[in-house]
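J.: What follows is a single structure, and I will ask about it in a moment.
Values in this text are rule-based calculations from the coordinates and carry no lab data. Here the structure is a predicted model, which means the values were calculated and not measured. For neighbour counting, all protein chains shown are included, and Cβ atoms are generated from backbone atoms with ideal geometry for every residue, glycine included.
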Amino acid sequence: MAYSDLLRSVSELIESHGMPKREVYLDNENSGVIIPEALKALEDAYKRDGRGHPSITHLIGWISYQTLYQATSKIASAINCKPEEIIYTHSGTEANNLAIAGSAAASQRRRKILISSIEHLSVIFPAEKLKKNGFKIIKIPVDKEGFVDLDFLSKHLDEETLLVSVAAVNHEIGTVQDIRAIRDIIRDKDEEILIHTDACDALGRIPLDMKKLDVDLASFSSHKVYGPKGVGALYVREGVKLEPIIHGQLSTQKLWPGVENIPGIVGFSKAVEFMHNNLEGNVSRMMKLRDRLINGILERVDHVILNGPYGEKRAPDNVNMSFLYCEGEALTVELSLSGVYVSSGSACTSRVLEPSHVLLTIGRKHEEAHGSLLMKITPFHTLEDIDYVLEVLPGAVKRIRSISPIKPLKEVR
Ligand SMILES: Cc1ncc(COP(=O)(O)O)c(C=O)c1O
């Protein structure tokens with residue numbers, strides 16, 4: 001479809017949709033709110049101390065460098081690392097690509113990479129691309145709740161292994177992996193194997209201390225902590241060798257050339273600071289709302305399955321459920337009419353209408369994956385928001401099921 005035709009149909013959709021009387025935004029997996037203080041910090045930096053290029057030798061350049069360094073110090077202190085160990089990118093996707101492709105490009109001899117089978121596509125795709133360069137990519141199986149098979153991991157580590165990549169928190173089903181246990185297995189086998197964790201969905205949801213975790217590489221994304229879009233970061237432990245995978249004019253950082261998005265980074269640092277300082281309160285608040293939503297749906301709607309673990313080992317913001325005999329995309333549209341915004345699977349998956357690889361990997365059938373809704377709670381949601389979702393969701397499911405060609409067996413008979 002031509003871009004202009006697509007725009008026309010989207011404009012028509014917006015016009016015919018109308019403004020719902022109440023809105024609850026739960027599509028924070030894909031993108032969402034910004035913390036007001038982070039937005040203000042971004043605006044201020046654009047207007048004043050972060051408008052220049054940090055590597056240029058004049059007053060505005062020096063002030064910009066200082067601003068960048070102060071923001072980096074805040075992030076470094078939140079995750080307990082040195083400011084020099086943080087490399088900025090413009091997204092979590094770029095940080096993951098740099099971790100995978102950058103370590104492969106720097107490797108002299110090792111040609112084997114292990115990734116969990118439920119990683120974000122920004123880990124899976126760059127890893128799979130490396131097969132063309134002679135790399136062996138092994139996907140670590142997971143159980144039905146998404147926890148990686150530690151025996152499999154242990155058996156497949158050898159002197160050929162360059163890197164192991166496992167996300168600290170799964171973006172779709174909220175599985176909180178035991179990264180420290182994974183680290184122990186790897187370090188016991190071979191101290192030289194690099195450990196990467198995609199921590200985009202972990203920051204602000206679980207305690208993250210780079211020294212305690214003892215990983216070599218960790219990816220972050222600003223918008224996943226309610227900071228501005230357009231900023232990502234890769235923690236690269238001192239001494240770890242990566243090669244740049246994009247090339248251009250050098251700025252302050254060799255691994256990701258191009259001018260840093262200083263206002264965005266300042267906003268990101270504010271968001272990280274907020275999430276770090278309020279971690280305990282945020283987590284208990286989100287868990288309460290999460291469990292109210294999960295239990296409320298299970299009480300009100302039949303034929304529903306919770307995807308991922310229940311309780312402490314599930315990210316506090318994550319609700320992912322499959323509504324059987326329902327098409328997830330249709331349900332997102334139906335809920336949108338009531339002002340409830342959710343996604344079905346991940347953004348990239350829903351755009352191409354393919355079932356989520358994460359749900360299929362944990363054993364969901366195609367139709368169960370297609371009927372899934374992903375809802376992400378923030379520390380800014382209220383009990384009333386959740387109760388509103390519980391009020392409108394059962395009716396929406398009923399309406400979509402009434403037009404679905406697939407019915408529960410006893411209703412067909
Ligand atoms: C676990 C995880 N990794 C990577 C990404 C990609 O981050 P970004 O949207 O900043 O490219 C996301 C985004 O949703 C994510 O959830």
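J.: In degrees between 0 and 90, to the nearest 10, how far off the longest principal axis of the chain does helix 59-79 point, with axes built from Cα atoms?
T.: 60
J.: Ok, one more. In the chain, what % of DSSP beta bridges are antiparallel (nearest 5)? Don't skip to the end; give the middle numbers.
T.: Numbers: 21 of 40 bridges.
Approximately 50 percent, going by the DSSP bridge assignments.
J.: Compute the Rg to Rh ratio over segment 283-398 from the alpha carbon atoms, using the Kirkwood formula for Rh, and round to two decimal places.
T.: 0.93
J.: For segment 36-277, what is Rg from Cα atoms divided by 2.2 N^0.38 Å, rounded to two decimals?
T.: 1.00
J.: Next up: Whole-Hz Karplus ³J(HN,Hα) for segment 185-193, in order, using 6.51 cos²θ - 1.76 cosθ + 1.60 and θ = phi - 60°, x for Gly and Pro?
T.: 4, 5, 5, 4, 6, 6, 4, 8, 5
J.: What FRET efficiency do you get for Asn133 and Leu298 if R0 is 35 Å and r is their Cβ-Cβ distance, rounded to the nearest 0.05? Spell out each step's value before the answer.
T.: Details: r = 47 Å, r/R0 = 1.35.
The value I calculate is 0.15.
J.: Under a cut-off of 23 Å between alpha-carbon atoms, report the lysines in cross-link reach of Lys40, not counting same-chain residues fewer than 8 places apart.
T.: In chain and number order, the partners are Lys74, Lys224, Lys229, Lys270.
J.: How tilted is helix 3-17 with respect to the longest principal axis of the chain? Cα atoms for both, answer in degrees (0 to 90, nearest 10).
T.: 50
J.: Here is a follow-up. Report the extension gain between Asn80 and Gln66 in nm, rounded to one decimal, defined as 0.36 nm multiplied by the number of residues separating them, less their alpha carbon distance.
T.: 3.0 nm
J.: Let me ask you something else. List the extent of the Cα atoms of segment 275-343 along each of their three principal axes, largest first, rounded to whole Å.
T.: 41, 23, 17
J.: Also: Within 10 Å of each residue's Cβ, count the other Cβ atoms and sort Cys81, Cys326 from fewest upward. Numbers along the way, then the final one.
T.: Values: Cys81 19, Cys326 28.
Ascending number of Cβ neighbours within 10 Å: Cys81, Cys326.
J.: Using only C-alpha positions, report the orientation-averaged shadow area of the convex hull of segment 185-236, nm², one decimal.
T.: Answer in nm², one decimal: 3.9.
J.: While we're on this one: What FRET efficiency comes out for Val333 versus Leu360 if R0 is 30 angstrom and r is the Cβ-Cβ distance? Round to the nearest 0.05.
T.: It comes out at approximately 0.85.
J.: If you stretched the chain out fully between Arg187 and His17, how much longer would it get, using 0.36 nm times the residue separation minus the C-alpha to C-alpha distance?
T.: Length gained, Arg187 through His17: 55.7 nm.
J.: Put a dot 7 Å past each Cα toward the Cβ at Ala106 and Asp178; how far apart are the dots in nm?
T.: Label-label distance for Asp178 and Ala106, simple model: 2.9 nm.
J.: DSSP beta bridges in segment 36-277, what fraction antiparallel, as a percent rounded to 5?
T.: Working: 11 of 27 bridges.
If we restrict to bridges inside segment 36-277, about 40 percent are antiparallel.
J.: How would you rank 154-160, 329-335, 309-315, highest first, on the average number of other Cβ atoms within 10 Å across their residues?
T.: So the order, starting with the most tightly packed, is 329-335, 309-315, 154-160.
J.: Quick check: the distance between the Cα centres of segment 106-129 and segment 209-282, to the nearest angstrom?
T.: The distance from the Cα centre of segment 106-129 to that of segment 209-282 comes to 20 Å.
J.: Once Lys and Arg get +1 and Asp and Glu get -1 on their Cβ, which of Leu6, Leu279, Ile87 lies farthest toward the positive end of the dipole of the chain?
T.: Most positive-ward Cα: Leu6.
J.: Per DSSP helix of 4 or more residues, -39500 (n - 2.57); summed, then divided by the residues of the chain. What does that give at 222 nm, rounded to the nearest 500?
T.: Value at 222 nm, helices only: -13500 deg cm²/dmol.
J.: Could I ask something else about it? Report the extension gain between Val10 and Lys313 in nm, rounded to one decimal, defined as 0.36 nm multiplied by the number of residues separating them, less their alpha carbon distance.
T.: 105.2 nm
J.: Another question, then. Please give the helix 279-300 orientation as an angle from the longest Cα principal axis of the chain, in degrees from 0 to 90, rounded to the nearest 10.
T.: Relative to the chain, helix 279-300 is tipped by roughly 20 degrees.
J.: No solvent, one uniform scatterer per C-alpha: report log10 I(q)/I(0) for the chain via the Debye equation at q = 0.08, 0.12 1/Å, two decimals.
T.: -0.46, -1.01
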